[in-house]
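For reference, the structure discussed in these notes is given below.
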Amino acid sequence: MTTALSRRQLIAAGAALAAASATGVADARIAPSSLQPLIGPGYRPTDRDELGMWQQMQRVEEEVAGSNLLMKDAGLNRYLQGLIGKVGGPAARDMRIYLARIPEFNAVMFPTGFTVIFSGLLLRMRDEAQLAGVIAHESAHFLLKHQIRQYRDLRRKSDVLSFASMLGGIAGGAAGVYTGDLAQLAQLGTILTLLRYNRQLEAESDALGVRLIAEAGYAPLSMSETWEQLIGEIELSAKVRRKRPDRGYSIFSTHPAPRTRMVDLRASAAELTVPGRAYDRGRERYLAALSGIRPTLLDDQVKLNDAGATQYVIQSLAQDGWNGLLRFHEGESLRLRNSQKYHDRAALSYASAVAFPDAPADAWRWHGIYLMKAGRPAEGRTALQRYLSLAPNAPDAPFVRQMLVS
Ligand SMILES: [Zn+2]
């Protein structure tokens, strides 16, 4: 897996970056205490190249801020802004956070201190501590000035990849966002992989990130858990598709050696954990903040038709307890696999879903349909009546009513 990922990375990032990461590799874990943020409150660049980058990025941020891919939930956006304010280190109050509706496990920090979080990331986090870890990692890239350091490093080693063309690509991608198409912001993500960091910089961000969450009172172990979940998901996705787990999954999997990073993060967490101190997971706060969009997040994930990944995500979330929403989407994912074996399993999922008070109306709909198919018309009719009472104005309600009177 490591070999496949790094080969992909080398091809995608181009020869110049390949040269940089081949020479800049450091294998040892970085101690969280060894790093100091280079950016403080109210930071403004003074060097010419960095000033130029900031000017370009201001335009990019305007495009991102105007994108209709951003999720508008005001409460949730305030919550995210508050979270980066807690774990963003010395420049926390200057940082901006945007939530884009893209069903992918990803987050990107731009060189001027604004970050774009993808909705697929929020779906996968089990509590606030896990999300805080990702945000802290991204913040650390900014605090340690990784983008400008990486650029200077590349420029020193090679004239193949000019910074101007990198910026042109980013600005072009961001301009595409403005027209508001899901694929286009995803494309921006791809373009941004030009800014992918070498192993040394990722290790630095992990080390500072885990320290930032520990200082904010979050369980330091949560960051290695996130990696564990990502690895599990990639493996199950590949297994179901009968492929090797080498898919360019997200910016996280292009980071080298996920397993190494998971192990290093665990060691750093142990180093930072103060015995006897109670660490926050913020699970209830996280669930409350996400409650308005979780059905959308699950819908978007199911529609990717990546059955293994969806199964992993749902089972991972269900470790904190099953509910009607999770069972319903489990059913949806199985039903879309469209073979008898999976239809049977989908029927069981819908039947489980409707036993929970939060089951969506559609869970009753499919429960009813599968009961009818199974030759249990009386129970099927009851379920469909329940569906109609929950969703009287559903587009198919007239059709279902017709079915029930006939
Ligand atoms: Zn990173």
*asked:* Can you tell me how many residues within region 196-244 are among the hydrophobic types (A, V, I, L, M, F, W, C), within 14 Å of the ligand (Cβ to nearest atom) and at pLDDT below 95?
replied: 4
_Single residue of 383, 391, 347, 307 found to be buried (at least 21 other Cβ atoms within 10 Å of the Cβ), touching a residue at least 12 places away in the same chain (Cβ under 8 Å) and outside the structural domain of residue 103 (by TED's automatic domain parsing)_ = 383
_Unmet criterion (only one of (1) within 22 Å of residue 120 (Cα to Cα); (2) at pLDDT 90 or above; (3) surrounded by fewer than 16 Cβ atoms within 10 Å (Cβ to Cβ)) for residue 66_ = (2)
*Sort out which residues of region 245-257 are more than 15 Å from the ligand (Cβ to nearest atom) and either modelled with pLDDT of 85 or more or more than 17 Å from the chain's Cα centre (by Cα) (or both), and write them in order of number.*
245, 246
*asked:* For region 310-344: of the residues being within 23 Å of residue 230 (Cβ to Cβ) and of a type in the set (Ser, Thr, Tyr), which is surrounded by the fewest Cβ atoms within 10 Å (Cβ to Cβ)?
replied: 316
_Subset tally (residues that are in contact with a Gly (Cβ under 6 Å, 6 or more places away or on another chain) and either within 16 Å of the ligand (Cβ to nearest atom) or assigned to a strand (DSSP E or B) (or both)) for region 107-150_ = 6
*Conditions (1) over 20 Å from the mean Cα position of the chain (by Cα); (2) surrounded by fewer than 18 Cβ atoms within 10 Å (Cβ to Cβ); (3) assigned to a helix (DSSP H, G or I): number failed by residue 214*: (2)
*Is it true that residue 193 is in a helix (DSSP H, G or I), at pLDDT below 85 and within 15 Å of the ligand (Cβ to nearest atom)?*
yes
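A quick yes/no check of all residues on (1) part of a helix (DSSP H, G or I); (2) under 26 Å from the mean Cα position of the chain (by Cα); (3) modelled with pLDDT under 95:
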{"position": "14", "(1), (2), (3)": "yes, yes, yes"}
{"position": "20", "(1), (2), (3)": "yes, no, yes"}
{"position": "50", "(1), (2), (3)": "yes, no, yes"}
{"position": "83", "(1), (2), (3)": "yes, yes, no"}
_Suppose the filter is modelled with pLDDT of 95 or more, in a helix (DSSP H, G or I) and away from the ligand (no atom under 12 Å from the Cβ); does residue 271 pass it?_
yes
*Select, from 41, 37, the only residue that is at pLDDT 90 or above and closer than 27 Å to residue 266 by Cβ.*
37
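The values are calculated or read from the model by the stated rules, or taken from the named source; none is laboratory data. Only a predicted model underlies this, so the values are computations on that prediction, with no experimental measurement involved. Every residue, glycine among them, receives a Cβ derived from its backbone with ideal geometry; neighbour counts consider all protein chains shown.
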